[in-house]
1. Of (1) more than 23 Å from D430 (Cβ to Cβ); (2) open to solvent by less than 70 Å² (accessible area, probe 1.4 Å), A397 satisfies all except one. Which?
2. Would you please name the residue that is modelled with the lowest pLDDT, looking only at residues in the stretch 146-195 that are in a helix (DSSP H, G or I) and among the small types (G, A, S)?
3. Inspect all residues belonging to the stretch 76-95 and state whether any of them is assigned to a loop (DSSP other than H, G, I, E, B), at pLDDT 70 or above and among the aliphatic types (A, V, I, L, M).
4. Looking at the structure I just gave you, is S197 closer than 30 Å to R239 by Cα and loosely packed, with under 13 Cβ neighbours inside 10 Å?
5. Take L332 and decide whether it is crowded, with 18+ Cβ neighbours inside 10 Å and in contact with an Asp or Glu (Cβ under 6 Å, 6 or more places away or on another chain).
6. Tell me which residues, restricted to the stretch 556-584, are closer than 24 Å to S624 by Cα and open to solvent by 50 Å² or more (accessible area, probe 1.4 Å).
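The values are calculated or read from the model by the stated rules, or taken from the named source; none is laboratory data. Just so we're clear, the structure is a prediction, and the values are computed from it rather than from any experiment. As a convention, Cβ positions derive from the backbone with ideal geometry for all residues, glycine included, and neighbour counts pool all protein chains shown. Calculation scope for accessible area: heavy atoms of the full protein, side chains included, ligands and nucleic acids excluded. Shrake-Rupley method; radii C 1.70, N 1.55, O 1.52, S 1.80 Å.
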Amino acid sequence: MKEGHLSQLLENTSQLTMLVEIGSAICRAGGALLAIAMVALGVDALFALTPWGLILVDLFFVCLIISAGCFTLRQAWRNAFNARRVARQIETHLGVANSRLINSVEFLENPSNSSSRELIDQSIRDGEDMASSLSSFEVVKFRGFLKACGLALGAILFVIVTFASAPRLIAMVLPRYLDPTGDHPPFTLLDFEVTVSPETVYHGRSATISAKLSGPEAVDQASVVFVEGNSRKRLPMYRNSAGEFILPIEQADKTQEFYIDTPSGRSQRLTFSVLKVPYFESVSVHYEFPRYTGWSSVSHALDTRGIRGLEGTKVTLSATGNLPLNSAQMELFGPESEDEKEDRIPYDTVTLHPTEKDVATVSGSFQLQSSGWYRLTLVGVNGARSEEQLEGKIISAPDRMPRISFLEPDPNVIAVEGWKIPVLLQATDDVEIDRIIFLCGVNGWGPDSTLLPLHKDQTTIARADYEFDLKSLGARAGDIITYYASAYDNHPSGEHVSETSRYVIQVISEEEYREYARQQYQMEQLIQEFEDFRTRMDDLKEQREEILKELNELQKKLESGEEMSGEELNRLEQLQKKLEQFAKQAEELSKKMQERSDDPQLYDLEQPYREMLKTLSQQLAQQSESANELKKTSASYGKQPGNTEKRNAFQQAAENFMKKKDPFGKKTEETLDETEQDLEKLRLADSLIAQAERLRAAILYQRDLADRLGEFRDRKSFNPDEMKKMQRMAKEQELLQQEIEEVKTALKEAAKEAAESLPKMSGNAKQICDALEKMQVDQDQDAAARSARKGNGQQAYDSADEAAKKLESLLSDCCSPKSGSESGDLDGCLKLPKQNLKNSLEQLAQGRKIPGIGQKGKSGSGYAGSRAQRAIYGPYQASQGKSDARRAGWMGKRGLGGRGLRGSNNDPVSAETLTPNDHHKTRGASGNMRGVPVEYRDQAEAYFKRLEEGN
């Protein structure tokens, strides 16, 4: 066909028709497919189709899509361009009955030679004219297309409404059709909130899967289904108190998918991720101590104790992980604080390598040199490092120096000429004591060394002993023996040694010894001794009365002339046992009293006391003799009851025993009562005087302290050393204030106790206490201490001086031995005259001077007198009571043959001698002849030099 209006109309109409038909087909097919898809979604939501059911539905849907495509293609093929068909379609649509368009198309496509040219041209012109007045939109039917579009639009609206109202359904079912074999969960109204704890699950560690279910339906059971390829492993969950379903997993070993399944539906597939990094299952530490210690190796689990051992110890660490390990890194750090850990660089790194037996165990060693801390990290064979790191302390304990001390005697010993002094040492070490060396010097000469044999119950503790035999040594009064000891442990360096402080033995004469002995033997010991004697005598008296009761009954039987029955003979045997016990105890007590009466007299008050003991001792000896005689005759009579001679001897012995009443008579009892009362009076008086002496010493010390503070009274500024000195004096003032308060309390108690027995002395003591309270000395002392601490020298001096003046006003009122003896309270005590009473109280006071408070020392502060531990070795017999422990330990060794400590071989340790011939070393003079009077030191030094040159 030629180009023209007609051909243009026909082509446009054909194209528009094709579009309309194809569009209609697509809309109809699309709407139908959407409707069918929604039905399919509903079917799966209701019936939860199996994968095969989903596949069948998918195939059906694919077939529908193919059919719709074929239908659309058919519509396109049917509406392909055909001029005659299009012309007829136009004429039919317009109702043209004269076929003008068809004829025109016919003549244009097939011109006929049989028809006239004019007719043909006229027909063509009519067709062109008609085509020029028509449009393709006028000749195409759109009604069907619009219906199809309405149908498609309705289907689309239905899908939109469905998705808006049930998005969960679309979201859950659609993936099942799109991926029928993807194991997507069927539609359910349950919500699954699934968590895995911990957030990161490590291989071999425990984990927990928790599921919190919510929805319109209640669920009573749930399971975890692990997916392993095509298989399923179902594990039931339990429900906790919070309503959650829990599945604890003891040991997670691999990553896998899982879902939660219930009768009302299941969850999506989730991933249970297991991180395969190494972690610690166990760590142990093994110690191999240095060889010289001799210690066995030790192992323990590495815990909060960390790593601790002796310096030089070989430490082996073994760590086991959950996976095969490539190595472990142990970083060693110095002793920095915890805050600095992150920024510190290790001073060493120890690599632990796998063992041959177990690829999951690594081991490594290092030598313990210094303290600090460590950090241990595992490295798996895959190169992964452990997330957790072990950290802990490293304590390297150095081999400490040994320690040595004297257990006996005390640091300062006073010994009488010719006495023996045992020495006992003990050394301790953290590893082992190797040897103890004893060093001794005399009057500044020496020292000489002696290797002592050791007595060891364990390697860390050793004891050794030595004995000074002053008689063998030739020591005389005035000699000073100094000694000390050194202990060595077994450290390979040989430099681990420590020494004791210097101990001193001062040799004195027996006359000097008596003065020293008074400090150990005071009124309390004397009273306790008397009470012990009295108690034992009372016990003997009760035994004697019981024996006399038995004798009276037997005497009546004997006087009647009748034979004794078997029961009476048994009673006679029991009487013999009682007599034996009585005689033995009376003899023992007699000897004790005799020994005590023979002891040297320390105090004047002991003279009547010793005489009384001597008398009692003799009387007890007679009681013992008569009891033994009675026992002997009763035993003889008991064997031959019918023998008249033995019977008479028994009766005579019984009469003699009953006649000897002393020392159990009334007169002796009265004497003992008076003695007890007198001793108690003397004790109370001595107690009052002792507290008054303490107060007097404190008063003098307050004056001394005030005088020393006067050094700073005109000063405004002080250097550091002077401030330290003032601080020390402030402390002295505080202690002195406390001392005076304690003295006041003790004096009050002593006065209260003595008020009835010693009214005058106790009244004087009460007046002193009242004066102390009225003066308020403590306020002045407190002000002095505070001012001294603040550096106010003037105020400190003024307050201390005021306190001293107040206290000094009491000096004339303080009790003294003289005032105590002249007060009249003690008249007649122990039948002593006033002068002897005065001497006794003075002797008791003198005995307190050595350990008590005296004048100030040379250092300018503190109390004078010996406060150091002091032991006395001499002939005085210790009391029987609970006296001073140290005196009881040292003073009970009577006679020069007192035995000292011996070695383990039972041979006495050889004693040092002062004779130059016994020394094998040459001694150099020290220039310090301690113990020798100053005026004789030059001569003594020259004497020892001559002896040395003579050797």
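1. (1)
2. Within the stretch 146-195, the subset in a helix (DSSP H, G or I) is 146-165, 167-178.
Applying the additional criterion that residues be among the small types (G, A, S) yields 148, 150, 152, 154-155, 164-165, 171.
On the way: A148: 78, G150: 84, A152: 82, G154: 85, A155: 82, A164: 85, S165: 82, A171: 84.
Out of the qualifying residues, it is A148.
3. For the stretch 76-95, residues assigned to a loop (DSSP other than H, G, I, E, B), at pLDDT 70 or above and among the aliphatic types (A, V, I, L, M): present.
4. Values: closer than 30 Å to R239 by Cα: yes; loosely packed, with under 13 Cβ neighbours inside 10 Å: yes.
Spelling it out, S197 is indeed closer than 30 Å to R239 by Cα and loosely packed, with under 13 Cβ neighbours inside 10 Å.
5. Criteria met by L332.
6. Selection gives N570, R571, E573, Q574, K577, K578, E580, Q581, K584.
Conditions tested, residue by residue: (1) surrounded by 16 or more Cβ atoms within 10 Å (Cβ to Cβ); (2) over 22 Å from L589 (Cα atoms); (3) free of Cβ contacts under 8 Å to residues at least 40 places away in the same chain; (4) assigned by the TED database to the domain that holds K541.
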residue	(1), (2), (3), (4)
S626	yes, no, yes, yes
S636	yes, yes, yes, yes
N643	no, yes, yes, yes
A654	yes, yes, no, yes
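Table: residues versus (1) polar (S, T, N, Q); (2) under 12 Å from A427 (Cα atoms); (3) surrounded by fewer than 17 Cβ atoms within 10 Å (Cβ to Cβ); (4) touching a helix residue (DSSP H, G or I) at 6+ places or on another chain (Cβ under 7 Å).
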residue	(1), (2), (3), (4)
P453	no, no, yes, no
Q458	yes, yes, yes, no
I461	no, yes, yes, no
D465	no, yes, no, no
F468	no, no, no, no
G478	no, no, no, no
T482	yes, no, no, no
S486	yes, yes, no, no
H496	no, no, no, no
